[in-house]
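Worksheet for the structure shown next.
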Amino acid sequence: MSGSIKVHMEILEQARAYCEAVWYARTEVFEQMCHERFAMNLIEPEGPTYWDKASFIERVRARAPAEGPASYEVLDIDVMGDQIARVHLTVDIPGTRFEDHLGFVKENGSWQLLTKVFRIKARLG
């Protein structure tokens, strides 16, 4: 962990909001959280797959919300100054655990998700 406690807590709050939005398929959260130039990359043995903000939101919209408490773990937060932060976490949707690496930037006073690089960590029974 690096950065001030205040900034760390702001990023932790964003990471938790992100995970809850993934679990419950809350597209309205991503509409606000994701930067207009957001880019998402799935890393697989066959090579990466790319999505932009609109494609990501449509992908979330196509899923049914999960039930019960959200399943995730924030593993690490790294804050560089007061404008860039990275988060490493795992987040589940029913049947699959993902490992995500999120990149946040502070723009106009709020933290926005700019990048997401992820992989399927496990298939859940």
Work out, step by step, the length gained on full extension between ALA62 and ILE43: first 0.36 nm times the residue separation, then minus their alpha carbon distance; give nm to one decimal.
4.8 nm
Can you give the angle from 0 to 90° between the axis of helix 5-24 and the longest principal axis of the chain, with both taken from C-alpha atoms, to the nearest 10?
20
Cβ charges +1 (Lys, Arg) and -1 (Asp, Glu), total dipole of the range 23-125, debye
200
Please compute the per residue accessible area over the chain with all protein chains in place, 1.4 Å probe, rounded to a whole number of Å².
56
Length gain on complete extension for the stretch ARG16 to VAL117, per 0.36 nm per residue less the alpha carbon to alpha carbon distance?
34.7 nm
What does the convex hull of the Cα atoms come to per residue for the chain, in Å³?
109
Counting only protein heavy atoms and using a 1.4 Å probe, what share of the accessible area of the range 1-95 belongs to carbon plus sulfur, as a whole percent?
53
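The values are calculated or read from the model by the stated rules, or taken from the named source; none is laboratory data. Given the structure is predicted, the values throughout are model-derived calculations rather than measurements. Quick reminder, even Gly has a Cβ in these numbers, built from the backbone with ideal geometry, and neighbours come from all protein chains shown. These accessible areas exclude ligands, DNA and RNA; they are computed on the full protein's heavy atoms, side chains included. Shrake-Rupley method; radii C 1.70, N 1.55, O 1.52, S 1.80 Å.
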